[in-house]
Amino acid sequence: MGTAITLQLYIAGNSPGSRRARANLEAWGREHGQVSIEVEIIDVFDVPDRALAAGVLLTPQLVVDGPGGRTVIVGDLADTSLLTDALSFETRSA
């Protein structure tokens, strides 16, 4: 198999947007279970320096790192087509 795809979801504690982003990402994962992806949830309240080092100024924010480069999606991931498109590109590039 090719290079792994890593998702980093930056959230702000238990805010409504953060909860929706996590739920939408989990629902997308269940719907697309065949995709092998590593997901890391990063709470900017717990590790603000890491978020700043990554250039994360807005939450929720999903960062997709893969063979095709870095893709950033800001928002609660309600529009799952953005995630599908980003990951479709990454799996084709792997």
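The values are calculated or read from the model by the stated rules, or taken from the named source; none is laboratory data. Everything numeric in this text was worked out from a predicted model, so none of it was measured. FYI the Cβ positions are ideal-geometry reconstructions off the backbone, even for glycines, and counts take in every protein chain you see.
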* **Considering residues of region 65-94 that are within 13 Å of T6 (Cα to Cα) and of a type in the set (D, E) only, the residue modelled with the lowest pLDDT** => E90
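Taking the conditions exactly as written (within 13 Å of the chain's Cα centre (by Cα) and within 17 Å of A86 (Cα to Cα)), does P60 satisfy them or not? It would help to see each step written out before you state the result.
On the way: within 13 Å of the chain's Cα centre (by Cα): yes; within 17 Å of A86 (Cα to Cα): yes.
Taking the combined requirement at face value, the residue satisfies it.
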* Asked: Is there a residue being at pLDDT below 90 and either among the small types (G, A, S) or in contact with a strand residue (DSSP E or B) (Cβ under 6 Å, 6 or more places away or on another chain) (or both) anywhere in region 38-56?
  -> yes
* Considering only region 57-86, state which residues are surrounded by fewer than 16 Cβ atoms within 10 Å (Cβ to Cβ) and small (G, A, S). => G69, A78, S81
* To do: Could you list all residues from region 4-14 that are at pLDDT 95 or above and either more than 15 Å from V74 (Cα to Cα) or in contact with a helix residue (DSSP H, G or I) (Cβ under 8 Å, 6 or more places away or on another chain) (or both)?
  => L9, Y10, I11, A12, G13, N14
* To do: From (1) closer than 16 Å to S88 by Cα; (2) in contact with a Pro (Cβ under 8 Å, 6 or more places away or on another chain), pick out the condition that doesn't hold for G29.
  => (2)
